[in-house]
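Engineer: If you scroll down you'll find the structure; I have some questions about it.
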């Protein structure tokens, strides 16, 4: 149910903007950004991060401005330097390369992604063929594939199930990228179960709590608004899925990176709009979008009732030990926006 609580600048004739709850940063993203901030304070520069720490260009730009060096591969990190692995996880080959080059590694992989990695190893050791539902070019899927490349088959649609060939149809397991659409994953899994009745699953256990909560919130939001704006970067899987979920629910939806991306034509004749944000989007970016929407006439801003997330993940023990005596936890982006 939507709630009229926390109404801001209500106006009798103003248009309404409804904010989804929950939205924005998840615990895995908060942890990853906290790790970068704490490492920067504890060790200073240079500090390298392999790939984007999270898939949000605003967050990456803010950290880069503070001196963090982002690289595509470990070849770009000087031998012996300190490097952070992104929240999306890495393959064993990346870890081996880091060890061979004497890099000081801090792992910011989301614990829920690590869980999927461990499941892949376990199933592979038991001679299962693993069907990994996900996007082959996504950093998370690349990392998971690296755990058992000879045992994993990647698919991204129900139509691909018919073409699968496995050594033993009785020993098939299913894993998923954590940021997929629940509905899309369910359809693929049902097709897999028809093809392989003994398949181990279900994949819903792998889709992270934050992805599920944000998708449920958007489904509810879509019942009450005429258009949904999703704040997030184009390379953010969970943000793109939120757009798809809203559209599947029957409303127009648009992905925006910043407030400047809003096109007034989207809002013509619209009286009630919805707003949400992907799991790697800081709340201060959402605030800028709200201000832009208010300037476009959406002066009545209300929060939708929803799940209040209380999940927190511990930071790496070695980093916390080295940081003893300094302020612990979030700072910078995370401190000001993570739970706003």
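Where a number appears in this text, it was derived from the coordinates with a stated rule and is not lab data. Computed from a predicted model, the values in this text were never measured in an experiment. Counting neighbours? That spans all protein chains shown, and the Cβs are built from the backbone with ideal geometry, glycine included.
Engineer: For residue 43, put the label point 7 Å out on the Cα→Cβ axis and report which residues of region 101-145 keep their amide N under 19 Å from it.
Structural biologist: The answer is 101-111.
Engineer: Taking the Cα-to-Cβ direction at residue 249 and at residue 295 and moving 7 Å from each Cα, how far apart do the two end points lie in nm?
Structural biologist: Between residue 249 and residue 295, the simple spin-label model gives 2.8 nm.
Engineer: At what distance in nm do the modelled label points of residue 96 and residue 69 sit from each other, each positioned 7 Å from its Cα along Cα→Cβ?
Structural biologist: Result: 2.6 nm between the two label points.
Engineer: By average Cβ neighbour count within 10 Å, what is the ranking of 14-24, 259-269 from highest down?
Structural biologist: 14-24, 259-269
Engineer: Along each of its three principal axes, how wide is the spread of alpha-carbon positions in the chain, in whole angstrom units, largest first?
Structural biologist: 63, 56, 31
Engineer: Further, regarding this structure: Based solely on C-alpha atoms, express the radius of gyration and the Dmax of region 20-89 in angstrom.
Structural biologist: 12.3, 45
Engineer: Relative contact order for the chain using alpha-carbon pairs under 8 Å, separation at least 6, rounded to a whole percent?
Structural biologist: The value is 30 percent.
Engineer: Something else about it: If the label point is 7 Å along Cα→Cβ of residue 234, which residues in region 243-271 have backbone nitrogen under 12 Å from it?
Structural biologist: Only 255-257 fall inside the zone, counting backbone N under 12 Å.
Engineer: Only helical DSSP H runs with n ≥ 4 go in: add -39500 (n - 2.57) per run for the chain, normalise by residue count and round the 222 nm mean residue ellipticity to 500 deg cm²/dmol.
Structural biologist: -11000 deg cm²/dmol
Engineer: If R0 is 22 Å, what FRET efficiency do you get for residue 194 and residue 224 from their C-beta distance, rounded to 0.05? Mind showing how you got there, number by number?
Structural biologist: Working: r = 36 Å, r/R0 = 1.63.
The calculated FRET efficiency here is 0.05.
Engineer: Moving to a separate point now. Using a Förster distance of 30 angstrom, determine the FRET efficiency expected from the C-beta separation of residue 269 and residue 313, and round it to 0.05.
Structural biologist: 0.10
Engineer: For region 112-205, compute Rh as the Kirkwood radius over C-alpha pairs and then the Stokes-Einstein diffusion coefficient at 10 °C and 1.306 mPa s; write the answer in µm²/s, rounded to an integer.
Structural biologist: 123 µm²/s
Engineer: What nm distance separates the two modelled labels at residue 212 and residue 104, each placed 7 Å from Cα along Cα→Cβ?
Structural biologist: Those two pseudo-labels are separated by 3.9 nm.
Engineer: On a C-alpha basis, how far is the centre of region 109-154 from the centre of region 30-93 in Å? Whole number, if you could?
Structural biologist: Taking the Cα centre of region 30-93 as reference, the centre of region 109-154 is 23 Å away.
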